[in-house]
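Below: one structure, written as structure tokens.
Please treat every number below as a calculation from the coordinates, not as lab data. These numbers come from a predicted model, not from an experiment. Reconstructed Cβ throughout: ideal geometry from the backbone, glycine too, with neighbour counts over all protein chains shown.
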């Protein structure tokens, strides 16, 4: 993003962070939100959140992350203040997640212990080594994994402990739970739940947000 702080960056008539928090606050299953950021950005994040109009019954706290995604999620997980039985881990760069999809993946996690949002891949995927196609996986079996990923807190705590014991650092939270030998349910999500990574993604997200706002009225 060329140095732009994408989580606090404007998105239409709002910001990425404000839209994420708004959508999670619209889900009745959410009791608390922990926002994870760099230690040097905590004051800026707290100030931005203080200016947002969020439901008073939802507690929003800000905590410092770590050197890796896994360490950051661990810090956030350990900062949970409520006795909620489940934790939903979400990428702050996915501001267009639908509240109903959040509710559905939480419902699936309550049944199985672990669930993640995802969508079937649209393109044919190739396994390539050294520039040569070696395999074409069955597209009907492939999903693009999204967030939130929801876990029973006791399961995720065990998964973190195992990863620490093995010295493993994962970039996907489902991998931690899979390492325990447990199955994760894939909940059908929406293709609009894109992750903002490049400037082009912001243009797409603003168009999607505008279309969603028009549908709401």
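Would you work out the relative contact order for the stretch 101-217, in percent, from Cα pairs under 8 angstrom that are 6 or more residues apart?
Numbers: 139 pairs, mean separation 34.9, N = 117.
Value for the stretch 101-217: 30 percent.
Taking 0.36 nm per residue of sequence separation and removing the Cα-Cα distance, the residue 110/residue 141 pair yields an extension gain of 8.8 nm. Using Cα pairs closer than 8 Å and at least 6 residues apart in sequence, work out the relative contact order for the stretch 6-191, in percent. Relative contact order for the stretch 6-191 comes out at 22 percent. Modelled spin-label separation between residue 134 and residue 198, with each label point placed 7 Å from Cα along the Cα-to-Cβ direction: 2.6 nm. Taking the stretch 92-122 and a reference point 7 angstrom along Cα→Cβ of residue 183, the backbone N atoms nearer than 18 Å belong to 105-118.
Return the Rg/Rh ratio of the stretch 151-212 with Cα-based radii and a Kirkwood Rh.
On the way: Rg = 16.5 Å, Rh = 14.2 Å.
Result for the stretch 151-212 is an Rg/Rh of 1.16.
How big is the equivalent ellipsoid of the chain along its three axes, where each semi-axis is √(5λ) from the Cα gyration tensor, reported in whole Å from largest to smallest?
On the way: eigenvalues 140, 108, 68 Å².
Listed largest to smallest, the semi-axes of the chain are 26, 23, 18 Å.
Taking the alpha-carbon centroid of each part, what is the distance from the stretch 116-138 to the stretch 140-209 in angstrom? Here the two parts' Cα centres lie 18 Å apart.
Kirkwood Rh, the stretch 63-176, all Cα pairs: how many Å? Walk me through the numbers before you get to the answer.
Details: mean 1/r = 0.0630 Å⁻¹.
One over the average 1/r among Cα pairs gives 15.9 Å for the stretch 63-176.
A Gaussian network model of the chain, with springs between Cα atoms under 10 Å, assigns the largest mean-square fluctuation among 66, 167, 131 to 131.
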